[in-house]
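Undergrad: There's a structure below that I have some questions on.
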Amino acid sequence: VCGGTFTDPAGATANYANASNYTVTITPAVPGEVVTVTFTEFSTEFGFDALYVFDGPSTASPQIASTNNAGNVPGGLAGGYWGTTIPGPFISSDPSGSLTFRFRSDNFSNRPGWVANVTCGPPPQCVRPALPVVSSVTHNSAVIGWTENNGAASWELIAIPCGDTVPTA
C-alpha cells in the first residue's frame, strides 16, 4: 500500500521460496495519484530468478524492462531484473497510477529477495513516455521511438554508459 513496504513473498528477513510465481499490483487509493516504488535492497539469483515490472494494473500492461535476456528464468520472458543491482525507482505512467510486479524463481536456489518503499502522489510534471522501441542499433547509433503520454512537444534523452548513475538534474 502507499506509504508501506513492498517485499518478496517471504518478507524482509527470509529468503524467498524456490519455484515462486508471485504477482502483486499496487494501486493508489486516491484517483489521479501514481505509485512510485523505490528499492532499498535487492538480491535474486542471477539469470535464474527475476522480478518483472509492468506499467499498469496487470501483467498485460507495458513492461518496464531491464536489458536482461530471458536467462534461465521459468517462463522465459526477457526484461526481468535479477542479481544485486538495485533497480528503479519505478513510477507509474498508466492512467490507473498502478504498477504490477511479477516474480518468478527456479526450483534450485534462492536469495534474500527485496525490500522497497511504496509512495503515492501526484504524477510528475514530466511523464515518462510509454512503449519505448529501439531499432537500427549499430556500434555508435540507434533509432529510439515511443508513445507520448502527456502531449509534450519536446523531449530530453540522456544516454549514459551501462552501469553509470543516471543524473538527477
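Undergrad: Return yes when Glu41 is of a type in the set (Asp, Glu) and open to solvent by 40 Å² or more (accessible area, probe 1.4 Å) and no when it is not.
TA: Yes: the conditions hold for Glu41.
Undergrad: Yes or no: Ser43 at pLDDT 95 or above, of a type in the set (Gly, Ala, Ser) and closer than 26 Å to Val134 by Cα?
TA: no
Undergrad: If only one of Ala65, Ala130 is at pLDDT below 90 and under 25 Å from Pro28 (Cα atoms), which one is it?
TA: Just one listed residue meets the conditions, Ala130.
Undergrad: Could you please find all residues in region 13-38 being under 19 Å from the mean Cα position of the chain (by Cα) and either crowded, with 18+ Cβ neighbours inside 10 Å or over 17 Å from Ser92 (Cα atoms) (or both)?
TA: Correct list: Tyr16, Ser20, Asn21, Tyr22, Ile26, Thr27, Pro28, Val34, Val35, Thr36, Val37.
The values are calculated or read from the model by the stated rules, or taken from the named source; none is laboratory data. Because the structure is predicted, anything quoted here is derived from the model rather than measured. Note: ideal-geometry Cβ built from the backbone for every residue, glycine included; neighbour counts use all protein chains shown. We work out accessible area using only protein heavy atoms, side chains counted, and drop any ligands, DNA or RNA first. Shrake-Rupley method; radii C 1.70, N 1.55, O 1.52, S 1.80 Å.
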